[in-house]
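This report concerns only the one structure given below.
The values are calculated or read from the model by the stated rules, or taken from the named source; none is laboratory data. Just so you know, these numbers come straight off a predicted model, no measurement behind them. A quick note on method: Cβ atoms are made from the backbone with ideal geometry, for glycine too, and the neighbour counts reach across all protein chains shown. These area figures cover heavy atoms from the full protein model, side chains too; ligands, DNA and RNA do not enter into them. Shrake-Rupley method; radii C 1.70, N 1.55, O 1.52, S 1.80 Å.
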Amino acid sequence: MPETLDPSAPRSWRARLQDSAVYRSIVRTPPLDSPRGRAQRAFGNVFLHLYPVRVPRALLRFRSTYRLGFISAVLYAILFITGVYLMFFYTPAVSMAYGDMQQLRSQVGFGQLIRNVHRWGAHLMVLAVVFHLVRVFVHGAYKAPRQFNWVIGVGLLLVTLAYSFTGYLLPWDQLAYWAVTVGSDLVQYAPGVGGWLRNFLLGGSTIGQSALLRFYVIHVAVLTMAFFLLMAVHLWRVRKDGLAVGDADHAHDVTERALDVARRAATTTVGVGVAPIVPADAHWLNDGRRVLGVVDTEEGPGHVRNPDDEVFAWPHLLIRHQVVALVVCAVVLGMGILWEAPLRELANPNLTPEPAKAPWYFVGLQELLAHFDPLVAGVLAPAMLVLGLVVLPYADRNPSRRAEHRRVGLTLFWILFGALAVLTVIGALFRGPGWAFVLPWEHLYFEP
């Protein structure tokens, strides 16, 4: 019998703490073990409220999403915390920025380690967000009703790239200065507005004090506000549109059959409304993870839930997320201990290093410039890529999420993704002075 129901049983310190006014003012619901109690706990806790109360059982398997979205969020939290720490010891001034970087090495407690973690965490976040986008496409999770959330995800990818690019200049060393010089030069090829846009970003025609200050403000303020806004909408739409798991968890996918039945089958009159007859296993139509769809209530037409295939997010999903978060923190910390973030000589506009490369996530465009006209490689290609990602969920009329029914789309996607990966690898590892082809095992001209 629970000790709270037995007045003669001795009360433990934990029970007395949970009954105290201070505890109840912080934790709004008691630790109930019933389904309704778990739901109340999720609604009453600010952290648990970010999760649905119940999730598909298949979501607990790592291969369903590879936790890439959550890993991206954990990496951003690491970057936010370490970035705030570094701000206490950094001055966005040409005369002081490089000196502050030097002081982090010897005069600031754990300064170099925090900078290392921040640097490698930024690179890992770019990879995590890209792979998350790839996973969503391969599993067809961008299809209705999640089209707009895919667009929000594309926006988060662009903000992530902008974060890394603007932060690249802040150390004010030769590596940062010339990488940003090459990257910003790509902007000027935009017809009509290229020169104006480059001057707006740099605060002039050259990279100097105005550019450093603008990059700093964009990095710590503008992009932070944009990221939090997009992330809030992204998480909200995940809750509203339902959670999508991978094709591996839908071996018995009934998408085509359910769509065909929903279009052509007879309808059942319910009161004054009409609801289509949908197969009982067609839970993909809504997935049953609405914001308010937590307890068993009457759902709207076509809404099918399978409670036996659901588990409570707390503790099942949260424990897995905690393990993933600890692993991510351990990996980033290990990288920060093993590899020091590069810091070269003080930025010198009169001394161009050979080769001068853009940051690695833009070096593919730099490689493309060696083969095509700057307008095509520097403007049209990336613009068409972003535009294609935005219109993809609305242009793709194939209702199936199964790979065997999307062979053409998946083939084109992997060709494009492979081409981008090859261009990035060639530009980062196989290019030397004068952009000549150099084997990386003979001499490596790459610094992340």
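State the number of residues belonging to the range 37-77 that are of a type in the set (S, T, Y) and either modelled with pLDDT under 70 or farther than 22 Å from Y163 by Cα (or both).
Adding up the residues that qualify gives 4.
Counting only residues that are touching a residue at least 40 places away in the same chain (Cβ under 8 Å), open to solvent by 20 Å² or more (accessible area, probe 1.4 Å) and among the aliphatic types (A, V, I, L, M), how many does the range 116-128 have?
Summing the residues that are touching a residue at least 40 places away in the same chain (Cβ under 8 Å), open to solvent by 20 Å² or more (accessible area, probe 1.4 Å) and among the aliphatic types (A, V, I, L, M) in the range 116-128 gives 2.
Those residues that are of a type in the set (V, I, T), within 12 Å of the chain's Cα centre (by Cα) and open to solvent by 20 Å² or more (accessible area, probe 1.4 Å), I need them from the range 135-158; list them, please.
Matches in the range 135-158: V136 only.
Only one of (1) under 26 Å from the mean Cα position of the chain (by Cα); (2) open to solvent by 40 Å² or more (accessible area, probe 1.4 Å) is not met by L161, so which one is it?
(2)
Could you go through the range 67-80 and let me know if any residue there is charged (D, E, K, R), in contact with a helix residue (DSSP H, G or I) (Cβ under 6 Å, 6 or more places away or on another chain) and not in a loop (DSSP other than H, G, I, E, B).
The answer is no, given that none of the residues of the range 67-80 is charged (D, E, K, R), in contact with a helix residue (DSSP H, G or I) (Cβ under 6 Å, 6 or more places away or on another chain) and not in a loop (DSSP other than H, G, I, E, B).
List every residue pair whose Cβ atoms sit under 9 Å apart, with the two residues 6 or more apart in sequence or on different chains, where the first one lies in the range 371-392 and is surrounded by fewer than 12 Cβ atoms within 10 Å (Cβ to Cβ) and the second, anywhere, is part of a loop (DSSP other than H, G, I, E, B).
As it stands, the answer is A383/A190, since those pairs meet every condition given.
Please go through the range 128-163 and pick out each residue that is under 23 Å from V363 (Cβ atoms) and among the polar types (S, T, N, Q).
Matches in the range 128-163: T160 only.
Would you list the strands (runs of 3 or more DSSP E) that sit entirely within the range 267-385 and hold 3 or more residues that are modelled with pLDDT of 50 or more and touching a helix residue (DSSP H, G or I) at 6+ places or on another chain (Cβ under 8 Å)?
Numbers: elements: 267-270, 273-276, 310-312.
Filter on the range 267-385 gives 310-312.
Of the conditions (1) open to solvent by 50 Å² or more (accessible area, probe 1.4 Å); (2) farther than 26 Å from T82 by Cα, V217 satisfies every one except a single condition; which number is it?
Of everything listed in (1) open to solvent by 50 Å² or more (accessible area, probe 1.4 Å); (2) farther than 26 Å from T82 by Cα, V217 misses just condition (2).
Those residues that are more than 32 Å from the chain's Cα centre (by Cα) and among the aromatic types (F, W, Y), I need them from the range 332-358; list them, please.
Listed by number, the list is empty, since nothing qualifies.
Name the pairs whose Cβ atoms lie under 7 Å apart, with the first residue in the range 61-75 and in contact (Cβ under 8 Å) with a residue 40 or more places away in the chain, the second open to solvent by less than 30 Å² (accessible area, probe 1.4 Å) and among the basic types (K, R), and 6 or more positions between them or separate chains?
Taking only residues 6 or more apart or on different chains, the pairs are T65/R135; Y66/R135; L68/R135.
Can you tell me which residue within the range 393-403, out of those that are in a helix (DSSP H, G or I) and either aromatic (F, W, Y) or modelled with pLDDT of 90 or more (or both), is least open to solvent (accessible area, probe 1.4 Å)?
Selected residue: P393.
Which one of these does Y189 not meet: (1) open to solvent by 30 Å² or more (accessible area, probe 1.4 Å); (2) of a type in the set (F, W, Y); (3) under 19 Å from A73 (Cβ atoms); (4) in contact (Cβ under 8 Å) with a residue 24 or more places away in the chain?
Going through (1) open to solvent by 30 Å² or more (accessible area, probe 1.4 Å); (2) of a type in the set (F, W, Y); (3) under 19 Å from A73 (Cβ atoms); (4) in contact (Cβ under 8 Å) with a residue 24 or more places away in the chain one by one, Y189 breaks only (3).
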